[in-house]
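First comes the structure, then the notes that go with it.
Taken together, the values in this text are just the output of simple stated rules run on the coordinates, not laboratory data. Note that the coordinates shown come from a computational prediction; the quantities given were computed from them, not determined experimentally. Methodologically, a virtual Cβ is constructed for each residue, glycine included, from the backbone with ideal geometry; neighbour enumeration extends over all protein chains shown.
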2 protein chains.
Amino acid sequence: MPTIKDVADRAGVSVGTASRVLSGSSSTSPDSRERVTAAAAELNYVANGPARSLRRARTDVLGLLVSDIRNPFFAELAHAAEREAMRRGYTILLANANEDEHQADEYLSIFAAQRVDGLLFSPQGPVSPKLASLVSSGFPMVLLNRTAPGLDIPLYATDNAQGVRLVLDWLRDRGHRDVAFVGGPAAMSTGAERQAAYLAGRADHGITENDAFLDVGNFLADGGEAAMIRILDRGVIPTAVFGVNGPTTMGMVRGLHHRLGSAAAAKIAVVSFDDLDWFEFATPPITALRHDAASIGRLGVQGLLNLIEGLPATSARVPLTLVDRS
Amino acid sequence: MPTIKDVADRAGVSVGTASRVLSGSSSTSPDSRERVTAAAAELNYVANGPARSLRRARTDVLGLLVSDIRNPFFAELAHAAEREAMRRGYTILLANANEDEHQADEYLSIFAAQRVDGLLFSPQGPVSPKLASLVSSGFPMVLLNRTAPGLDIPLYATDNAQGVRLVLDWLRDRGHRDVAFVGGPAAMSTGAERQAAYLAGRADHGITENDAFLDVGNFLADGGEAAMIRILDRGVIPTAVFGVNGPTTMGMVRGLHHRLGSAAAAKIAVVSFDDLDWFEFATPPITALRHDAASIGRLGVQGLLNLIEGLPATSARVPLTLVDRS
DNA sequence: CTGTTAGCGCATTCAA
DNA sequence: TTGAATGCGCTAACAG
């Protein structure tokens with residue numbers, strides 16, 4: 001692999017000049033510029049990133065730690081973040097914590113070792129010591145979609161309360177009183193916020209305040225299914241079910257089918273946080289809150305780059321829309 | 001940020017000894033080992049990756065370039081690859097080419113600049129000059145799921161011919177003669193292989209050889225929808241439709257709904273390459289080939305690590321299973 | 001087993 | 001505008 005010295009030799013200039021031309025920083029003569037560019041092209045020169053990073057004490061890489069890349073919400077978010085980062089000259093190092101705090105910590109170490117310039121992070125639950133020390137060291141960092149107690153850094157997230165209000169209105173307008181709700185782990189802010197908003201709004205919207213209709217999952221399909229089955233096994237039959245996120249809702253639908261059979265399941269209205277692209281084909285079609293994952297990803301990158309450049313960054317809530325398929 | 005020199009000073013040893021302890025290479029006395037470890041912990045020392053990479057001329061990073069991270073197949077594959085890589089001490093740098101050859105080339109440059117130790121790659125179509133030069137330079141590289149003409153490197157992919165045979169048998173057993181098929185861009189090996197196998201097997205399986213039932217999409221939902229609509233607009237009505245991948249099938253279902261209405265669409269059997277997790281809830285439920293994305297990801301990493309270590313790596317085809325929901 | 005030292009490839013400072 | 005020289009943090013070679 002050719003080095004900058006090879007390029008300089010071939011162009012008949014010093015490495016200093018070659019470096020100046022290749023990184024386009026300070027002024028160079030048109031002549032040497034042309035010769036260096038030509039030499040680099042002929043040699044197929046690609047600058048050595050690690051060497052460059054070592055010298056400049058920055059990598060132009062941003063870390064993005066999502067909790068589950070298989071969740072379409074994060075896939076979409078990651079894709080948008082990546083596009084925005086690339087537009088601004090940064091590369092994104094994407095890691096998948098798989099909803100596992102231990103893995104998240106492991107990736108935090110990897111990011112630290114790689115000396116990423118900043119971090120976009122979707123916390124798994126309580127703040128780990130590693131995360132706390134990273135934050136308190138002033139490392140540039142923003143939160144995506146979830147927060148955690150004691151983390152005073154910019155957050156780019158869905159407007160959960162507004163979304164839940166849309167769902168509550170929808171339920172009331174259709175006369176649903178017996179509504180099953182499956183939330184997420186209390187340790188995750190998304191789950192907590194959505195659950196709190198739902199519980200607070202139930203009475204006002206004519207929904208039975210019977211906690212037999214409530215349970216919690218793990219934000220994954222299997223947890224939603226298990227929770228749904230626990231609810232049904234308490235002997236209650238809802239007229240509508242509401243899942244705290246896409247995978248949870250999918251699990252709930254599975255639970256309904258397995259416990260009640262397809263015919264009975266088809267009579268129960270389903271509404272979900274997160275719109276998955278197959279919801280329109282379900283029986284009955286599933287009404288859902290669609291959140292703008294792409295906007296969150298873009299805003300997150302913009303906020304983080306502000307932080308890196310020493311500018312202020314302010315949190316933002318992105319509104320949801322209800323896709324009514326009833 | 002503390003450097004190895006800080007650790008050495010605090011432990012009262014030389015940087016050489018500190019390095020040996022921290023990278024666990026050659027033998028060190030229990031005494032210095034303990035003191036260095038303690039000092040590193042107290043200082044919150046994290047080795048500088050770029051410096052380490054520069055010196056060792058390797059990064060312990062593998063590049064993974066997928067064609068669309070929002071496709072659940074690749075999300076699953078990426079996740080499995082990442083797990084396997086981590087198990088072997090490597091980090092994966094994940095990039096999303098978004099089915100765009102230009103973006104793919106851009107990422108190839110980024111990978112080259114970052115000096116990744118090897119590359120897992122899912123080609124977009126024809127081989128770009130940049131890719132060709134990378135391959136001919138002997139850079140460690142394996143192909144995932146797709147190949148391209150003239151690329152003589154290990155391939156880890158679905159056994160397309162075997163999968164299509166399963167579908168053809170299924171169609172014949174149910175007496176379908178008028179089957180609509182939407183393929184993918186001819187430039188992509190997956191599409192080409194599947195389409196070739198389908199066309200070759202039609203006659204033997206009692207399927208009408210009327211090309212009005214054939215069209216091509218772009219592996220995405222919108223392309224599948226457009227292709228389905230073109231087929232219907234030719235005045236033919238299939239009794240079954242077969243999509244070349246998950247998003248294409250989804251688009252086809254959309255096209256059926258929009259053109260024929262839900263009632264008529266519900267009478268048409270649907271079978272798909274790729275099993276998406278909502279297919280069981282569609283009306284009618286969609287029969288699908290399930291491929292083992294996780295195995296492909298794991299095998300890819302294993303093959304690539306073999307290559308990196310100078311061992312031989314051999315291509316492998318991973319069999320599919322048909323999930324019959326009829 | 002340990003300390004000293006060279007050098008990985010690059011950007012940047014200082015003189016010229 | 002340019003060349004020479006320095007050092008980023010680390011590992012490995014060498015000598016002890």
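To one decimal place, what orientation-averaged projected area in nm² is obtained for the convex hull of the Cα set of chain A? Present the calculation step by step, with values, prior to reporting the outcome.
Working: hull surface 79.3 nm².
Average projection, Cα convex hull of chain A: 19.8 nm².
Assuming a ≥ b ≥ c are the square roots of the Cα gyration tensor eigenvalues, decide whether segment A:160-290 counts as rounded (a/c under 1.5), prolate (otherwise, with a/b larger than b/c) or oblate.
rounded
For segment A:1-45, how big is Rg over Rh, using alpha carbon atoms and the Kirkwood form of Rh? Intermediate values should be presented prior to the final figure.
Working: Rg = 9.0 Å, Rh = 9.9 Å.
Taking Rh as the inverse mean 1/r over Cα pairs, Rg/Rh reads 0.91.
Only four residue types carry charge here, +1 at the Cβ of Lys and Arg and -1 at the Cβ of Asp and Glu. Report the dipole size of chain A about the Cα centre in Debye, rounded to the nearest 20. Please report the intermediate quantities before stating the final value.
Numbers: 31 positive and 36 negative charges, 126 e Å.
The calculation lands at about 600 debye.
Once you sort the root eigenvalues of the Cα gyration tensor of the protein assembly as shown as a ≥ b ≥ c, which label holds: rounded (a/c under 1.5), prolate (a/b larger than b/c) or oblate (the other case)? Intermediate values should be presented prior to the final figure.
Values: a/c = 2.08, a/b = 1.31, b/c = 1.59.
Since a/c reaches 1.5 but b/c is at least a/b, the shape of the protein assembly as shown is classed as oblate.
Counting only other chains, what is the mean number of Cβ atoms within 10 angstrom of the Cβ of each residue in peptide B:43-53?
Details: counts 0, 5, 0, 8, 3, 8, 11, 16, 6, 3, 7.
For this peptide, the per-residue mean of nearby foreign Cβ atoms is 6.
Enumerate by residue number the GluC sites (Glu not before Pro) in segment A:160-228 meeting two conditions: DSSP loop (anything except H, G, I, E, B), and at most 16 other Cβ atoms within 10 Å of the site's Cβ. Don't jump to the answer; show the numbers that get you there.
Working: sites: A:E193, A:E209, A:E225; in loops: A:E209.
Passing both the DSSP loop test and the Cβ count: A:E209.
What fraction, in whole percent, of alpha-carbon pairs in segment A:33-125 exceed 19 Å separation?
Numbers: 2216 of 4278 pairs.
That fraction is 52 percent.
Check cross-link reach from B:K5 to the lysines: straight Cα distance under 30 Å, and skip same-chain residues fewer than eight apart.
A:K5, A:K130
Along its principal axes, what span do the Cα atoms of segment B:17-67 show, with the longest given first and each in whole Å?
Largest to smallest, the principal-axis extents are 51, 23, 16 Å.
Based on alpha-carbon atoms only, what is the radius of gyration of segment B:265-326 relative to the globular estimate 2.2 N^0.38 Å? It would help to have the intermediate numbers written out before the result.
Working: Rg = 17.0 Å, N = 62, 2.2 N^0.38 = 10.6 Å.
In units of the globular-protein estimate, segment B:265-326 measures up at 1.61.
Using a label point 7 Å beyond Cα on the Cα-Cβ vector, give me the inter-copy distances for A:M1 in nanometres, one decimal, shortest first.
1.9
What percent does the relative contact order of segment A:1-111 come to when contacts are Cα pairs within less than 8 Å and at least six residues apart? Please list the in-between numbers first.
Numbers: 114 pairs, mean separation 23.4, N = 111.
Once divided by the residue count of segment A:1-111, the mean separation gives 21 percent.
So how strong a dipole does segment B:160-290 carry about its Cα centre when Lys and Arg Cβ are +1 and Asp and Glu Cβ are -1, to the nearest 20 debye? Intermediate values should be presented prior to the final figure.
Working: 12 positive and 15 negative charges, 49 e Å.
For segment B:160-290, the charge dipole is close to 240 debye.
Take every DSSP beta bridge with both residues inside chain B and express the antiparallel ones as a percent of the total, to the nearest 5. Display every interim value, and only then the final one.
On the way: 3 of 35 bridges.
Taking every DSSP beta bridge with both residues in chain B, the antiparallel ones total about 10 percent.
What residue among B:R177, B:R55, B:R165 has the largest mean-square fluctuation in a Gaussian network model of chain B, using Cα springs under 10 Å?
B:R55
Among the lysines, which have Cα under 30 Å from the Cα of A:K267 when same-chain residues fewer than 8 positions away are ignored?
Result set, ordered by chain and number: B:K267.
Of A:A221, A:A113, A:A97, which is farthest on the positive side of the dipole of chain A, counting Cα position, with +1 on Lys and Arg Cβ, -1 on Asp and Glu Cβ, and the Cα centre as origin?
A:A113
Take the alpha carbon atoms of segment B:250-269, find their center, do the same for segment A:118-151, and report the distance between the two centers in whole angstrom.
So the two Cα centres are separated by 46 Å.
What is the fewest-to-most order of A:M1, B:M228, A:M188 by other Cβ atoms lying within 10 Å of their Cβ?
Numbers: A:M1 13, B:M228 29, A:M188 26.
Neighbour counts put them in this order, fewest first: A:M1, A:M188, B:M228.
Among B:I153, A:I286, which comes first, then next, by fewest other beta-carbon atoms within 10 Å? Could the numbers behind the result be given before it?
Working: B:I153 18, A:I286 27.
The fewest-first ordering by Cβ neighbours comes to B:I153, A:I286.
Debye sum, Cα scatterers, segment A:77-160, no solvent: what log₁₀ I/I(0) at q = 0.20, 0.24, 0.26 1/Å?
Rounded to two decimals, the profile gives -1.00, -1.45, -1.63.
Counting only DSSP beta bridges with both residues in the protein assembly as shown, tell me the antiparallel percent, nearest 5.
Details: 6 of 70 bridges.
Here the share of antiparallel DSSP bridges comes out near 10 percent.
In vacuum, with every alpha carbon of segment B:38-78 counted as one equal point scatterer, what does the Debye formula give for log10 I(q)/I(0) at q = 0.14, 0.19, 0.26, 0.32 Å⁻¹? Two decimals, please.
Log10 I(q)/I(0), no solvent term: -0.60, -0.71, -0.84, -1.00.
Using every alpha carbon pair in segment A:227-310, what percent of pairs falls into each 10 Å bin from 0 up to the bin containing the largest distance?
17, 40, 19, 13, 9, 3
Would you please give the residues with an amide H less than 5 Å from that of A:D60, counting only those at least 5 places away or on a separate chain, with H modeled from the backbone geometry?
Sorted by chain and number, the residues that satisfy this are A:D117.
Sorting A:R230, A:R52 on the 10 Å Cβ count, fewest up front, what's the list?
Details: A:R230 15, A:R52 18.
The order, fewest Cβ neighbours first, is A:R230, A:R52.
Any idea what the B:D204 label distances to the other copies are, label 7 Å down the Cα→Cβ vector, nm, shortest first?
So the label point of B:D204 gives 6.6 nm to the other copies.
Before rounding to the nearest 500, sum -39500 (n - 2.57) across all DSSP H runs of length at least 4 in chain A and divide by the residue total; then give [θ] at 222 nm in deg cm²/dmol. Present the calculation step by step, with values, prior to reporting the outcome.
Values: 13 runs with 151 residues, N = 326.
Value at 222 nm, helices only, nearest 500: -14000 deg cm²/dmol.
Where in chain A are the DSSP H helices whose C-alpha atoms run 18 Å or more along the long axis and whose mean Kyte hydropathy is at least -1.0? Before the final figure, lay out each step's value.
Numbers: long enough: A:30-43 (20 Å, -0.53); A:72-87 (23 Å, -0.25); A:101-114 (20 Å, -0.45); A:160-173 (20 Å, -0.19); A:189-202 (19 Å, -0.61); A:246-260 (21 Å, -0.27); A:293-308 (22 Å, 1.16).
Within chain A the helices that satisfy the rule are A:30-43, A:72-87, A:101-114, A:160-173, A:189-202, A:246-260, A:293-308.
Just B:T37, B:T239, B:T283 to compare: in a GNM of chain B, with alpha carbon springs under 10 Å, which one fluctuates most?
B:T37
Distances from B:G175 to the same residue in each other copy, label points 7 Å out along Cα→Cβ, in nm, shortest first?
Ordered by distance, the counterparts are at 4.3 nm.
Name the most mobile residue of B:V66, B:V46, B:V179, meaning the one with the largest mean-square fluctuation, in a Gaussian network model of chain B with Cα contacts below 10 Å.
With Cα springs under 10 Å in chain B, the top fluctuation among B:V66, B:V46, B:V179 is at B:V46.
Between segment A:183-229 and segment B:25-101, how far is it from one alpha carbon centroid to the other, in angstrom?
Cα centres, segment A:183-229 to segment B:25-101: 37 Å.
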